[in-house]
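The structure appears right after this line, and notes come after that.
Computed from the coordinates by the stated procedures, all read-outs in this text should not be read as laboratory data. Keep in mind it's a predicted model, so treat the numbers as computed, not measured.
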Amino acid sequence: MNIGTILVHLDHTERCAARVELAARLGRAHGSHLVGLVPTGLLDGTAPMDADPMRSTEFIAAAADGLRLRAEATAHVFRDLVRGPGSLSYDVRLVDGEPVNAIVHHGHASDLLIVGQVDYAKVDHDKTADMVARDLPEQIVLHSGRPVLIVPCAGHFPEVGKNVLVAWDGTREAAMALRDALPLFAESARVTLVSLRKEGDAEAAAKRCISETIAWLWRHGVEAKAEQYMTTIGFADTLLSCAVSMGVDLMVMGAYGHTRLRELVLGGVTREILARMNVPVLMAH
C-alpha cells in the first residue's frame, strides 16, 4: 500500500499554510504527487456563491473577478510553500463549483485527502459560503470514498504517525480507517488501539477481535498494543482525553454515518471529535 497522490484543500484561511506544509512533508516522505485544489467559490463560472440576484450584473461580475483573483493568490501561496528543500511532484487546480463536490470528484483520483477542521468561532452564519464550509469536512468524509486527514484549526504538527491512537470498535468503518492509515505509520511507530465500552457491555470486547487485529498489524510490521476502558462519560470525551494523556500525533477512527431526513450525516461521536479535535485525525467511512 502506498500513497501515490495526496490532495490538499486550499482556501484563503490562515490555517491553509499549516495544511499545505503537512501535506508537503507527507508527499516528500512517501514520494507522492501533491494536488493543491482551490475551489474558486464560483457556482457556474460566473456567479459567486453569495451573489444577490437583485444586484447589477456589473456588481456580480466584479465579485466574480475578485474571487478568481483570490483563488489565484491562494494558488501562488501554495506554490511558494511546496518549493522547499527536497523534490516534490505537484500541481495546482482552480475549480469552479461547490467546494464539497469539487473536492469529492477530484478526490476520487487521489489516495489521501487533507482538509482543515472548521473554526466555528469564525463561521458567519449569514453567508452561504461559510455555511457550506461549516459542513465541509463531514461531507468529504462521508462522500469521497477516500481516507481523509483533518488538520486542527490550532496547533503545530511537525510529525504525524509516530505515536498513534486508533479508536477501535471492531466496525467496518474502524477497519477501513486502520487499513488506510497503515502507510502513515512511521517506522517504529507506537500504535495503541483504544477500545471503549459502557458499563454492562461486557460482550463488546469479545466481538472486536482485538488480539487478532494486533496480530494483523504485526504482520504488516507494526507493533501495537491495546488499551480497553469502561467509561461513564462520552466516548468522544474519553478519546480526546486519551489523546492528550498519551501525547499522540495522530488519531485514527472510522466515521459512522446514519440517515436523517433522507440525508447521510455523521454519528454523534464522530461529529464531536471533528468539533473538538486537538491532533490530526484520519477518518474513513
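Tabulated data
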read-out	value
Residues with amide H under 5 Å from that of Ala186, placed H, sequence gap 5 or more	Lys162
Rounded to whole Hz, the Karplus (6.51, -1.76, 1.60) HN-Hα couplings of the range 18-24, x for glycine and proline	5, 5, 5, 4, 5, 4, 5
Pairwise Lys count, the chain - Cα closer than 29 Å, eight or more residues apart or different chains	5
